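> Structure provided below as structure tokens; questions to follow.
What follows draws every value from the coordinates through simple rules; no lab data is involved. Everything quoted here is computed from the prediction, not taken from an experiment. With ideal geometry, Cβ positions are generated from the backbone for all residues, glycine too; neighbour counts draw on all protein chains shown.
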Amino acid sequence: MEKRRTRTSKDILWVFIMSIIAVLALGQMIALFVTGGRKSGNAQNTGITAEKTDNTAADTGTADNDTAGDAAQSAGAAVPAETEAVSEEVLFELETETEIETEWADQFADKPDIDPSEWMFILANPWNSIGEYAPELTQFRDVEIDYRIYDAMNAFVTDAEAQGLTVVMTSGYRGYDTQSWLFQRKVDQYGGDEETAATIVARPGTSEHQTGLAADITDNYYEYMNESLEETALYQWMSAHCHEYGFIVRFPKGRQDVTGIMFEPWHYRYVGKEAAAYIMEHDLTLEEFLSLYQDAG
Ligand SMILES: [Zn+2]
């Protein structure tokens with residue numbers, strides 16, 4: 001009995017110790033669970049805060065990434081929270097872009113009723129090849145142009161001359177083969193580097209001159225064919241009146257991001273009087289103007 005009682009006491013003590021260990025372990029687990037949950041929650045909040053900060057920031061770049069990084073660090077294992085915040089951010093940016101585009105297009109609800117598939121709206125740029133498109137040509141002074149714009153070009157140039165300006169037609173239609181030759185020559189100069197060559201000479205099929213609707217018009221007594229032509233009386237008059245004859249300044253200043261081409265104060269493009277007036281009045285590029293008709297069909 002004596003022995004057994006001692007044993008029972010020892011058993012009770014053992015059970016008691018085990019119970020304390022179990023309670024402590026359970027407590028620890030609960031503590032870990034609660035802390036983990038709270039940290040995870042924080043990470044999500046931080047993520048959302050970062051996103052909200054991003055809404056107001058003009059620059060969507062590094063500042064935002066840093067905040068997201070901090071959140072991930074403090075969260076420890078809470079990577080899913082960060083991923084979620086980033087996806088929401090991307091989604092938000094896409095929604096904003098669409099909203100901006102819609103608002104932007106809304107400004108042009110009064111756009112002219114034109115058919116963008118008509119010949120005068122053919123689009124050639126670095127992203128849009130017209131292949132071997134070749135219009136029917138006519139001679140205008142020293143260059144060739146699409147015969148359909150002869151009268152408009154003649155009136156434009158003749159009226160400029162009536163202002164006392166000295167007009168020279170520097171370049172008009174350039175065919176696919178000519179452009180291929182020019183491009184290949186530049187590629188050879190750069191040891192076969194087509195990418196670099198394409199920044200200087202348009203790839204065949206992507207030159208506006210191949211449409212036959214464009215011409216480079218310069219001043220006979222002004223030897224520079226660069227942005228400084230903007231200062232000449234020739235450019236002042238021609239850019240102010242081109243729309244009256246159906247022409248636009250095809251590569252306006254500061255619009256290289258849209259046209260792919262730097263400011264060219266000598267390059268005029270025919271689009272018809274209605275479109276030209278609208279484009280020039282609203283400071284649009286041909287790319288932007290035509291985009292206004294894409295959704296309408
Ligand atoms: Zn040109």
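> For every other residue with a beta carbon closer than 12 angstrom to the beta carbon of LYS186, add +1 if it is Lys or Arg and -1 if Asp or Glu, then tell me the sum.
That works out to -2.
> Still on this structure: Mind listing the phi-derived Karplus ³J(HN,Hα) values for segment 190-206, rounded to whole Hz, using 6.51, -1.76 and 1.60 with θ = phi - 60°, and x for any glycine or proline?
With the stated coefficients, segment 190-206 comes to 9, x, x, 7, 5, 4, 5, 4, 5, 7, 10, 10, 4, 5, x, x, 10 Hz.
> Using θ = phi - 60° and the Karplus form 6.51 cos²θ - 1.76 cosθ + 1.60, what ³J(HN,Hα) does each residue of segment 167-180 get, whole Hz, x for Gly and Pro?
In residue order, the calculated couplings are 8, 10, 8, 7, 7, x, 5, 10, x, 4, 5, 4, 5, 4 Hz.
> Listing ASP106, ASP159, ASP177 from the residue with the fewest other Cβ atoms within 10 Å to the one with the most, what is the order?
Ranking ASP106, ASP159, ASP177 by Cβ neighbours within 10 Å, fewest first, gives ASP106, ASP177, ASP159.
> Kirkwood hydrodynamic radius for segment 159-219: how many Å is it when counted over pairs of different Cα atoms?
13.0 Å
> Only loop residues by DSSP count here, and only those with at most 13 other Cβ atoms within 10 Å; note down the GluC sites (Glu not before Pro) in segment 125-191 that meet that.
GLU132, GLU136
> Apply the Karplus curve 6.51 cos²θ - 1.76 cosθ + 1.60, θ = phi - 60°, to the phi angles in segment 140-151 and return the couplings in whole Hz, x for Gly and Pro.
With the stated coefficients, segment 140-151 comes to 10, 6, 8, 10, 10, 9, 4, 4, 6, 10, 4, 4 Hz.
> Here's a follow-up. Give me, ordered by chain and number, the residues 5 or more places off VAL167 or on other chains with an amide H under 5 Å from its own placed amide H.
Under 5 Å from the amide H of VAL167 lie the amide H atoms of ASN220, each far enough along the sequence or on another chain.
> What residues qualify as long-range amide H neighbours of ILE130, i.e. H under 5 Å apart, gap of 5 or more or another chain, H built at 1.01 Å from N?
Here the answer is THR206, since their amide H atoms fall under 5 Å of that of ILE130.
> In what sequence, highest mean first, do 229-236, 149-156 appear when ranked by Cβ atoms within 10 angstrom?
The packing order, highest mean first, is 149-156, 229-236.
> LEU137's amide H: which non-local residues (gap 5+, or another chain) put their own amide H closer than 5 Å, with H modeled 1.01 Å from N in plane and none for Pro or chain starts?
Placed amide hydrogens put TYR147 under 5 Å from LEU137.
> Another one. May I ask for log10 I(q)/I(0) of segment 139-190 at q = 0.16, 0.27, 0.32 Å⁻¹, from a Debye sum over the Cα atoms as equal point scatterers with solvent left out?
-0.61, -1.03, -1.20
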